[in-house]
Amino acid sequence: MAHRLFTTGLNDDGACLVPALRDYHTTILDVPTIAPLETLPDGKLVVRAATGGRFTLLLDSDAGVWSAGCDDDGQLGQSNRGHPYVYPGTPRHILKRVVGIDSEHVVQIAAGERGSAAVTESGQLLVWGDYDSSGYSGADKAMRCTSGALADADVRVAFAACGTYGMVALTRGGGVINLGYTALGSHTVPTLLTHAVLTGVRVVGCAVGDCAVLLVSEDGCVYDSKCRPIDAQHFGGAPIVAVAAGERHMLALTAGGHVYAWGGGEDGATGLGHTSFAIAPQRVLGALADARVVRISAGFTHSQALTDAGQVFMFGTDGAGWTCDAECPCP
């Protein structure tokens, strides 16, 4: 099957990789649309995608990073400072390479509201965009983080997640690093999180939302923004393998493929059948009751779940009730 990438939702500034109408004002793609990938060199495939606040990042099969969409805070990493867009001038939907990482072998990318990050094969952390007055805020091309906790050459990064005003990175040793402003605090340089509860705990997963940060330990325990463990009984006693966070709602995925949600239910973001606030995690049923989910993600007020059968389920503001499969776009 030919390699294809589908995009949907708010297409401000061409964030969905297709031209925005009406002089680049708001347009909405209400059905999944095949994104043009002609900009990518021949033979290069998209292996990862990350979406932020009105912009998109792509990682190709040769470890190259591409971006399109809004660049008000340098989040595209295309070194556009001093060269403002003139409406309806330079199209923002056209993918261009992120500047400053040509010599780096990137294995993971992350996009937040106004900032971006990349992790290299050697464990280096690269950031660009807005990180709430940190020493890296305002960079319009990828910069390697070499200060604070990352000044130690022996500290290697394994994973990064971006939020509204900051980001969290996990080290290969299971440590947690905060940069900018998140629910873990405000730091102008990469700062290692120290908390008695996490002593001896190896953190292997995280999610950064607008109001919360979730951490997942190697043994499947979930910790909230105050580093308090969430009772495993809320998840049926099952270990957690992945978490996701939106504006006010959170998701967790168990080893058995079940999805749990809690927090703000605005627009049906939690998928719990109501729009009320859920204090404790509850299992998402409906179309997911008999499905085995292998991946989850959360947007501003919507969520997605990918099953082992290749189906994508969406609930919340964007696409409530849609069911997708790997062979064709949603109807």
What are the residue pairs meeting all of these: first residue in region 171-185, first residue within 18 Å of D130 (Cβ to Cβ) and touching a residue at least 60 places away in the same chain (Cβ under 8 Å), second residue of a type in the set (G, A, S) and surrounded by fewer than 24 Cβ atoms within 10 Å (Cβ to Cβ), Cβ atoms under 8 Å, and 6 or more apart or on different chains? G180/S133; G180/S137; G180/S186
Just give me the residues in region 241-255 being closer than 12 Å to G299 by Cβ and crowded, with 24+ Cβ neighbours inside 10 Å, in sequence order. A244, A245, G246, H249, L251
Name the residues in region 121-155 that are surrounded by fewer than 24 Cβ atoms within 10 Å (Cβ to Cβ), free of Cβ contacts under 8 Å to residues at least 60 places away in the same chain and under 29 Å from D62 (Cβ atoms), would you? E121, S122, G123, Q124, M143, R144, T146, L150, A153, D154, V155
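So that you can scan it fast, the table gives a plain yes or no per residue for (1) on the phi > 0 side of the Ramachandran plot; (2) in a strand (DSSP E or B); (3) buried (at least 20 other Cβ atoms within 10 Å of the Cβ):
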site	(1), (2), (3)
D30	no, yes, no
P36	no, no, no
R48	no, yes, no
T56	no, yes, yes
D62	no, no, no
S67	no, yes, yes
D72	no, no, no
D219 - would you say it is touching a residue at least 40 places away in the same chain (Cβ under 8 Å) and out of contact with any Leu (no Cβ under 8 Å at 6 or more places or on another chain)? no
Return the residues of region 116-134 that are closer than 26 Å to K96 by Cβ and in a loop (DSSP other than H, G, I, E, B); say none if nothing qualifies. E121, S122, Q124, D130, Y131, D132, S134
Among the strands (runs of 3 or more DSSP E) contained in region 228-331, which hold 2 or more residues that are closer than 22 Å to A49 by Cα and modelled with pLDDT of 95 or more? 240-245, 249-254, 293-298, 302-307
Considering only region 179-227, state which residues are assigned to a loop (DSSP other than H, G, I, E, B) and out of contact with any strand residue (DSSP E or B) (no Cβ under 6 Å at 6 or more places or on another chain). T194, H195, T199, G200, R202, D210, C211, D219, D224, K226, C227
Determine the pairs where a residue that is farther than 18 Å from P239 by Cβ and surrounded by 15 or more Cβ atoms within 10 Å (Cβ to Cβ), located within region 277-297, has a partner that is at pLDDT 95 or above and charged (D, E, K, R) with Cβ atoms under 9 Å apart, the partner being 6 or more residues away or on another chain. A291/D308
Scanning region 91-120 for residues that are in contact (Cβ under 8 Å) with a residue 12 or more places away in the chain and either polar (S, T, N, Q) or in contact with a His (Cβ under 9 Å, 6 or more places away or on another chain) (or both) gives Q108, S116, T120
Subset tally (residues that are of a type in the set (A, V, I, L, M) and out of contact with any Cys (no Cβ under 9 Å at 6 or more places or on another chain)) for region 217-232: 1
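The values are calculated or read from the model by the stated rules, or taken from the named source; none is laboratory data. In this text the structure is predicted, and so the values were computed from the model without any measurement. So basically every Cβ, Gly included, is an ideal-geometry build from the backbone, and we count neighbours across all protein chains shown.
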